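So the structure is just underneath, and the comments pick up after that.
The values are calculated or read from the model by the stated rules, or taken from the named source; none is laboratory data. A quick note: this is a predicted structure, and the numbers were derived from the prediction, not measured. Here the Cβ positions follow ideal geometry from the backbone for every residue, glycine too, while neighbour counts run over all protein chains shown.
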């Protein structure tokens, strides 16, 4: 169940931490080096996989704790290592033809952001899955080295509670919450 992974993203691409010390900067995410992994527990086995970031750009400032922008994940990019399971998830759970993207729009962050080195912040924003927006706060670890930034974080998505179909069948039962681990890599530069 890759579907939940989206989540964000997700969401979370909140490596925008650097902005605290640079009032008007933009963090541009590199899709080829970023990853959104998911883990769905089950009674007989666990399902692991990943989704691909489609694009993402986050603007910091002006003002402390202010961020804007979006991170977009392709719902169709989920890969759990089983093509049949992935097709089922695409069609019945994620409904990718109707909801092709999962997005996270950061609105604010709390914490202190170091201009270089490591920082820990809490990023809050709107996570849209299956066409429905949800408030979400994600704890993020930010590492900044020159113009390079990496943001990592983990969170859970209660996909059944949020209206997605539970893919459990007969004796194969899966959890109603999927765990998301994200790694967002990109560049920070002055925003115009």
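Quick notes on this one:
- Any hit, the range 179-189, residues being loosely packed, with under 15 Cβ neighbours inside 10 Å, without any contact (Cβ under 8 Å) to a residue 40 or more places away in the chain and part of a strand (DSSP E or B): no
- Any hit, the range 110-127, residues being closer than 24 Å to residue 174 by Cα and either in contact (Cβ under 8 Å) with a residue 60 or more places away in the chain or surrounded by 12 or more Cβ atoms within 10 Å (Cβ to Cβ) (or both): yes
- Criterion violated by residue 133 - all others in (1) closer than 18 Å to residue 28 by Cα; (2) modelled with pLDDT of 95 or more satisfied: (1)
- Residue 111 vs. criteria at pLDDT below 95, farther than 23 Å from residue 74 by Cβ and in contact with a helix residue (DSSP H, G or I) (Cβ under 8 Å, 6 or more places away or on another chain): yes
- Annotation: of all residues in the range 152-177 being crowded, with 21+ Cβ neighbours inside 10 Å and assigned to a loop (DSSP other than H, G, I, E, B), the one that is farthest from the chain's Cα centre (by Cα) is 175.
Table: residues versus (1) part of a strand (DSSP E or B); (2) over 11 Å from the mean Cα position of the chain (by Cα).
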residue: 93; (1), (2): no, yes
residue: 103; (1), (2): yes, no
residue: 108; (1), (2): yes, yes
residue: 114; (1), (2): no, yes
residue: 122; (1), (2): yes, yes
residue: 133; (1), (2): yes, yes
residue: 136; (1), (2): yes, no
residue: 143; (1), (2): yes, yes
residue: 150; (1), (2): yes, yes
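- Taking the range 53-72 as the range and being modelled with pLDDT of 95 or more and either in contact with a helix residue (DSSP H, G or I) (Cβ under 8 Å, 6 or more places away or on another chain) or not in a strand (DSSP E or B) (or both) as the test, only 54 passes.
- Any hit, the range 79-87, residues being within 15 Å of the chain's Cα centre (by Cα), assigned to a strand (DSSP E or B) and modelled with pLDDT under 95: no
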